[in-house]
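Undergrad: One structure follows; several queries about it will come next.
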Amino acid sequence: MAGSNAMAEHRGPPEMLWETVKLAVQAIFRNALRSFLTVLGIVIGVGAVIAMVTVGQGSTEQVTADVEKLGTNMLMVMPGQDAMEGGPVGTAVQLFSIRMNDLLEEELGVIEVSAPLSMGRARVVFGNENRRTDMVGTDNRYFSAAQWEVDRGRLFDVTELQSGKPVCVIGETVRKDLFGTSDPIGEEIRIQTLSCEVIGLLKSKGASTFGSDQDDFVIMPIRTFQRRIAGNTDVSLFIVSVRDGVDTERAKTEIEAVMRDLRRIGRGEEDDFTVMDMKQLATMLSGITGILTGLLSAVAAVSLLVGGIGIMNIMLVSVTERTREIGIRLAIGAQAWQVLLQFLVEAIILSLFGGLIGIIVGLGMGLLGANMLSIPFRPDPQIVLLAFAFSAAVGVVFGFFPARRAARLNPIDALRRE
């Protein structure tokens, strides 16, 4: 080791740097297990940051795609103020009515259809199978506004809607759990104490970005739901489809004006309802996803700091173990900066190894997470490069103190060390 060090002192800068790198790699692989444990914090930090950002960007893209499936010309009218804009949370509000929905549709030419929805949850039973699912009371306008397609069977007819006949249309998840592979059309399921004939099955939309099942529901005529399930005439919300070519902001403004009149809200009084644009919903959900991704990435980045401290500790141990070697180099003419460079390069190589392994681990975790959540795999090359550069910076920052300590050793005292 001392001979190779002596040869290195008489070479030019490029040869000396290459020799320094070789010596650093040899020192790292002499204690391979210790070196791996040293960079584990860097691996975890880089990997976690890349994985979080990748999953976050995939989730954002999926949110946008899910909302676009609902239609960019769709609005939701809900009781209560928007909590995202400073409205009260948890306060009692007056719900809507079917009549209010029909008047809204009649008075505004910008609306294609407006569908009333009454919602709740109930246990549905068929034979020995049962499950708790979402219940929706509405009419055929909802299927048009929300762009639902029938896979088998049919939708409600006029008589069923007007009389409140106990018939229902189900989602794919309910069909799978209650009927297995058999055809549900014409069968009767029990909802609480009500027997309901299945007349239709809707095409599957799968899971949403946040994991909720979009096919787990039973839909029945709204009057049937109100009389036989809910026991009231309340309507939870309106789903509004805007006519083609009409700007949703204009439609939103007109709907708000009519709703204020229908709800008898005086001048200067705040709305007790919210009209939400699907584009607004996409922006809100994407913002939430971005905030969560940022917070998780910040927590993951702490591992890089922990990894840097680990590198500094091990390099200090390495300086202590190799004190005699350092003394020999200094005694035969090595400059202090050359000793500092050797240990600094060793720390940088350690952190770069950790960064490379962390990139592989992070991309693998991101791919696994994307597959598990059924979202697009969208790695960000800029984040990958930034994480790698940050790992190198960690090596420089936390490797400098041990390297400076080695460079400042007194050759005579170092040679006396056993």
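The values are calculated or read from the model by the stated rules, or taken from the named source; none is laboratory data. Keep in mind that what you see is a predicted model, and the values were worked out from it rather than measured. Methodologically, a virtual Cβ is constructed for each residue, glycine included, from the backbone with ideal geometry; neighbour enumeration extends over all protein chains shown.
Undergrad: Within the stretch 352-359, is even one residue among the small types (Gly, Ala, Ser), over 15 Å from Ala51 (Cβ atoms), in a helix (DSSP H, G or I) and free of Cβ contacts under 8 Å to residues at least 40 places away in the same chain?
TA: Looking for residues that are among the small types (Gly, Ala, Ser), over 15 Å from Ala51 (Cβ atoms), in a helix (DSSP H, G or I) and free of Cβ contacts under 8 Å to residues at least 40 places away in the same chain, one finds none in the stretch 352-359, hence no.
Undergrad: While we're on this one: Going through the stretch 109-145 one residue at a time, which ones are closer than 18 Å to Asn73 by Cα, buried (at least 22 other Cβ atoms within 10 Å of the Cβ) and β-branched (Val, Ile, Thr)?
TA: Ile111 - this is the single residue of the stretch 109-145 that is closer than 18 Å to Asn73 by Cα, buried (at least 22 other Cβ atoms within 10 Å of the Cβ) and β-branched (Val, Ile, Thr).
Undergrad: Checking the condition farther than 30 Å from Val240 by Cα, modelled with pLDDT of 70 or more and touching a helix residue (DSSP H, G or I) at 6+ places or on another chain (Cβ under 7 Å), which residue from Thr64, Thr54 passes?
TA: Going through Thr64, Thr54 in turn, just one is farther than 30 Å from Val240 by Cα, modelled with pLDDT of 70 or more and touching a helix residue (DSSP H, G or I) at 6+ places or on another chain (Cβ under 7 Å): Thr54.
Undergrad: Here is a follow-up. Among the residues of the stretch 312-334, is there at least one that is in the same structural domain as Gly41 (by TED's automatic domain parsing), of a type in the set (Val, Ile, Thr) and within 28 Å of the chain's Cα centre (by Cα)?
TA: no
Undergrad: If you check Thr181, Thr173, Thr159, which single one turns out to be more than 26 Å from Gly127 (Cβ to Cβ) and assigned by TED's automatic domain parsing to the domain that holds Val110?
TA: After ruling out the rest, the residue left standing is Thr159.
Undergrad: When you look at Arg243, is it out of contact with any His (no Cβ under 8 Å at 6 or more places or on another chain), among the basic types (Lys, Arg) and modelled with pLDDT of 75 or more, yes or no?
TA: yes
Conditions (1) of a type in the set (S, T, N, Q); (2) crowded, with 19+ Cβ neighbours inside 10 Å; (3) in contact (Cβ under 8 Å) with a residue 24 or more places away in the chain, marked per residue:
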{"site": "Glu187", "(1), (2), (3)": "no, no, yes"}
{"site": "Ile191", "(1), (2), (3)": "no, yes, yes"}
{"site": "Val198", "(1), (2), (3)": "no, yes, yes"}
{"site": "Lys205", "(1), (2), (3)": "no, no, yes"}
{"site": "Ser212", "(1), (2), (3)": "yes, no, no"}
{"site": "Pro221", "(1), (2), (3)": "no, yes, yes"}
{"site": "Phe225", "(1), (2), (3)": "no, yes, yes"}
{"site": "Ile239", "(1), (2), (3)": "no, yes, yes"}
{"site": "Arg243", "(1), (2), (3)": "no, no, yes"}
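Undergrad: Restricting attention to the stretch 368-382, report how many residues are in a helix (DSSP H, G or I) and under 12 Å from Gly56 (Cα atoms).
TA: Adding up the residues that qualify gives 3.
Undergrad: Given the criterion loosely packed, with under 15 Cβ neighbours inside 10 Å, of a type outside the set (S, T, N, Q), in a helix (DSSP H, G or I) and at pLDDT below 85, identify the matching residue among Gly308, Gly287.
TA: Gly287
Undergrad: Now for a separate question. For the stretch 354-374, indicate whether the set of residues that are surrounded by fewer than 14 Cβ atoms within 10 Å (Cβ to Cβ) and modelled with pLDDT under 85 is non-empty.
TA: yes
Undergrad: Quick check: is even one residue across the stretch 250-265 out of contact with any strand residue (DSSP E or B) (no Cβ under 6 Å at 6 or more places or on another chain) and over 19 Å from Val77 (Cα atoms)?
TA: no
Undergrad: Tally the residues that are assigned to a helix (DSSP H, G or I) and either small (Gly, Ala, Ser) or under 13 Å from Ala403 (Cβ atoms) (or both), restricting the search to the stretch 311-328.
TA: Qualifying residue count for the region: 9.
Undergrad: Could you list, in sequence order, the residues of the stretch 391-418 that are in a helix (DSSP H, G or I), surrounded by fewer than 19 Cβ atoms within 10 Å (Cβ to Cβ) and either out of contact with any Gly (no Cβ under 7 Å at 6 or more places or on another chain) or modelled with pLDDT of 80 or more (or both)?
TA: Ala392, Ala393, Val396, Val397, Phe400, Phe401, Arg404, Arg405, Ile412, Asp413, Arg416
Undergrad: Then there's this: Is it the case that some residue within the stretch 71-91 is polar (S, T, N, Q), under 18 Å from Asp271 (Cα atoms) and modelled with pLDDT of 90 or more?
TA: Among the residues of the stretch 71-91, not one is polar (S, T, N, Q), under 18 Å from Asp271 (Cα atoms) and modelled with pLDDT of 90 or more, which makes the answer no.
Undergrad: Something else about it: Is it the case that some residue within the stretch 240-254 is under 18 Å from the mean Cα position of the chain (by Cα) and either over 30 Å from Ser351 (Cα atoms) or in the same structural domain as Tyr142 (by TED's automatic domain parsing) (or both)?
TA: There is no residue in the stretch 240-254 that is under 18 Å from the mean Cα position of the chain (by Cα) and either over 30 Å from Ser351 (Cα atoms) or in the same structural domain as Tyr142 (by TED's automatic domain parsing) (or both).
Undergrad: What is the number of the single condition among (1) in contact with a Pro (Cβ under 7 Å, 6 or more places away or on another chain); (2) surrounded by fewer than 17 Cβ atoms within 10 Å (Cβ to Cβ) that Ile332 does not meet?
TA: Among (1) in contact with a Pro (Cβ under 7 Å, 6 or more places away or on another chain); (2) surrounded by fewer than 17 Cβ atoms within 10 Å (Cβ to Cβ), the lone unmet condition for Ile332 is (1).
Undergrad: Considering only the stretch 234-253, I want to know if a residue exists there that is out of contact with any Leu (no Cβ under 6 Å at 6 or more places or on another chain), part of a helix (DSSP H, G or I) and more than 23 Å from Asp66 (Cβ to Cβ).
TA: Yes, some residue in the stretch 234-253 is out of contact with any Leu (no Cβ under 6 Å at 6 or more places or on another chain), part of a helix (DSSP H, G or I) and more than 23 Å from Asp66 (Cβ to Cβ).
Undergrad: Continuing with the same structure: With the condition kept exactly as written, say whether any residue in the stretch 256-277 is touching a Lys or Arg at 6+ places or on another chain (Cβ under 8 Å), part of a helix (DSSP H, G or I) and crowded, with 16+ Cβ neighbours inside 10 Å.
TA: There is no residue in the stretch 256-277 that is touching a Lys or Arg at 6+ places or on another chain (Cβ under 8 Å), part of a helix (DSSP H, G or I) and crowded, with 16+ Cβ neighbours inside 10 Å.
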